[in-house]
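Some notes on the structure that comes next.
Just so it is clear, none of the values below were taken in a lab; they were calculated from the coordinates. Since the structure is predicted, the reported quantities are computational estimates derived from the model, not experimental observations. Every residue, glycine as well, gets a Cβ built from its backbone with ideal geometry; the counts of neighbours run over all protein chains shown.
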Amino acid sequence: MQPDFCHGLLAAAESQVVTGLLSLVGWSRLSWKAPIVVLPEGKRIDFGGIGREYAADRAAAVARKI
């Protein structure tokens, strides 16, 4: 079942799917073997959210100066 974000909040059944997937994400799944961060097989780090937040903060700072 694919979540439908275009028509409001997730239904209860869909949020159960999300809850089940939470065990697959999180910093706790990483390990540190200095100087390397080791990821589980098939996992990757996505820094896209950090970039979007930085861009939003910069845009807000520029908007405050206007």
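Can you give me the Kirkwood hydrodynamic radius for the stretch 5-65, using every pair of distinct Cα atoms, in Å to one decimal? The partial results should precede the final answer.
On the way: mean 1/r = 0.0655 Å⁻¹.
After inverting the mean inverse Cα-Cα distance, the result is 15.3 Å.
Positive-end ranking of SER28, GLN16, ALA56 along the dipole of the stretch 5-65, with charges on Cβ about the Cα centre, is headed by ALA56.
For GLU14, GLU41, GLU53, which order do you get if you count the other beta carbons within 10 Å of each Cβ and list the fewest first?
Working: GLU14 15, GLU41 4, GLU53 10.
Result, fewest neighbours first: GLU41, GLU53, GLU14.
Evaluated with a Cβ-only charge set (Lys, Arg +1; Asp, Glu -1), the stretch 15-62 carries a dipole of roughly 120 debye about its Cα centre, given to the nearest 20.
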